[in-house]
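Working notes for the structure below.
The values are calculated or read from the model by the stated rules, or taken from the named source; none is laboratory data. Just so we're clear, the structure is a prediction, and the values are computed from it rather than from any experiment. Because the Cβ atoms are built from the backbone with ideal geometry, glycine has one as well, and the counts that use them run over all protein chains shown.
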Amino acid sequence: MDRLPRTLAILTLGSNIERERYLPEAIRMLRRHEDIDVREVSQFFESASVGGPDDAPDYYNVALLVCSPLDPEALRHELRLVEENLGRVRTNDPNEPRTIDIDIAYFGDVVEKFDGWELPDPDAITEPHIAIPIAEIARDWIHPVDGRTMGAIAKSVRSSDLRKVRAIKLSEPHVTRAIEDFDSPQDVYAPRFEALVRQQLIELGEQPSREGLERTPLRVAKAFDFLTSGYTTSLEEVVNDAIFDAEGADEMVLVKDIEFYSLCEHHMLPFYGKAAVGYLPKGKIIGLSKVARIVDLFARRLQVQERLTNQIADAVGEVLDPLGVAVVIEGQHFCMMMRGVQKQDSSMVTSAMRGTFRSDPRTRSEFLSFVTK
């Protein structure tokens, strides 16, 4: 898969089969894609089907501003995989109803023809259901051929048949919001995930429709997206070029008492604790907060503590290439506290030593003495 420096692109999505289900689900899948960073999402717009039979259902349309390291063809391939996952079956009829349609309207300032498609999308300057959602999220985006901004293009297209959809409120992921913001019956986030949670409640003998559980599936979907957000964040994004010249610093750097929360991969129950991360610089140091972010990057996945410890050590080693890296984690596991042996005060300590911390007992001893103070 070809990769470029990260490029801003605009995607357009449409659905006229179970559109309340498939459009939000497509956005959620794109948000969780490791090579697609969704920056902005427009409101939903409703438009009549174009070119199909008179009784074809209306479309819901939305535009996304994204950033990706993929080249245009590789990105399009990934979008096709999302479509297939959501039941899209392509035929020779370009106007057939579909569960989901995802197209690239713009990819930076690329102007190029590919096999059966081109950039920019020619419809981006003529079709209201494309131009107007795009203008909502990228009004100042300049068409690389036409020369106008999307705001100007949106004003020039006929929009009388395009209607904002006020019945759907697309929830944002990984955002702390007041609990009442999750209680709207119009709030949509992850229809498939929510259906699974709803079925689980039924298996437990509960009534998902009762007042206290009515929005629980949505809350659970959002919570798990946050708690497993490490799957959709890369080490490169976390570090974000916060690597600096050491300027003579050759002594140990230690960040300790880093709180973390994770989920045990065996029972999907929480475990939590504190991590200490130390390294011996070899010309480079990393921004202080980035060490804690590296811990979170791997903690927010289904984990075992042993692997978590080693992943943190390997990541620090990868970005800094230091003389040595040391990580110690102490964690308490709900799978031991709430079930099984039910030991409330037990804890687990794991360590990972690399380079000088492994080969030199004095360096290792110095690190451990700081950690235990």
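Looking only at the range 229-240, decide whether some residue is farther than 23 Å from residue 302 by Cα, surrounded by fewer than 17 Cβ atoms within 10 Å (Cβ to Cβ) and in the same structural domain as residue 350 (by TED's automatic domain parsing).
To start, the set of residues in the range 229-240 that are farther than 23 Å from residue 302 by Cα comprises 240.
Of the ones still in play, those that are also surrounded by fewer than 17 Cβ atoms within 10 Å (Cβ to Cβ) are 240.
Still in the list and also in the same structural domain as residue 350 (by TED's automatic domain parsing): 240.
So far as the range 229-240 goes, yes, one or more of its residues are farther than 23 Å from residue 302 by Cα, surrounded by fewer than 17 Cβ atoms within 10 Å (Cβ to Cβ) and in the same structural domain as residue 350 (by TED's automatic domain parsing).
Hey, residue 239 hits all of (1) in contact with a Leu (Cβ under 6 Å, 6 or more places away or on another chain); (2) farther than 19 Å from residue 329 by Cβ; (3) among the aliphatic types (A, V, I, L, M) but one; which does it fall short on? Status for residue 239: all satisfied but (1). Looking at the range 1-34 only, could you name the residues that are surrounded by fewer than 18 Cβ atoms within 10 Å (Cβ to Cβ) and either hydroxyl-bearing (Ser, Thr, Tyr) or in contact with a Ser or Thr (Cβ under 7 Å, 6 or more places away or on another chain) (or both)? Hits for the range 1-34 are 6, 17, 18, 32, 34. Residues that are modelled with pLDDT under 50, within 20 Å of the chain's Cα centre (by Cα) and of a type in the set (A, V, I, L, M, F, W, C) within the range 177-201 comprise just one, 182. Just one of the listed residues (257, 250, 225) is loosely packed, with under 14 Cβ neighbours inside 10 Å, acidic (Asp, Glu) and either at pLDDT below 90 or part of a helix (DSSP H, G or I) (or both), and it is 250.
Pairing each residue of the range 260-272 that is in contact (Cβ under 8 Å) with a residue 60 or more places away in the chain with any residue that is surrounded by 18 or more Cβ atoms within 10 Å (Cβ to Cβ) and β-branched (Val, Ile, Thr), provided the two are 6+ apart or on different chains, yields C-beta distances under 8 Å for 260/295; 260/329. Looking at residue 293, is it without any contact (Cβ under 8 Å) to a residue 24 or more places away in the chain, at negative phi and in contact with a helix residue (DSSP H, G or I) (Cβ under 9 Å, 6 or more places away or on another chain)? Here the answer is no, as residue 293 does not meet what is asked.
Go over the candidates 146, 103, 121 one by one and state the one that is surrounded by fewer than 19 Cβ atoms within 10 Å (Cβ to Cβ) and farther than 21 Å from residue 20 by Cβ. Checking each option against the conditions leaves just 146. Contact map, the range 131-157: residues that are closer than 17 Å to residue 13 by Cβ paired with residues that are of a type in the set (D, E, K, R), Cβ distance under 6 Å, separation 6+ or inter-chain. Pairs shown: 137/40; 150/139. The condition of being modelled with pLDDT under 85 and either at positive phi or among the basic types (Lys, Arg) (or both) holds for only one of 51, 87, 108, that being 51.
Across the range 242-273, the qualifying residues are those that are of a type in the set (Gly, Ala, Ser) and touching a Gly at 6+ places or on another chain (Cβ under 6 Å), and the one among them that is nearest to residue 333 (Cα to Cα) is 273. The C-beta contact set for the range 192-203 (first residue under 23 Å from residue 99 (Cα atoms), second residue surrounded by 13 or more Cβ atoms within 10 Å (Cβ to Cβ) and modelled with pLDDT under 90, distance under 7 angstrom, 6+ apart or interchain) comprises 192/25; 193/221; 194/218; 194/221; 197/221.
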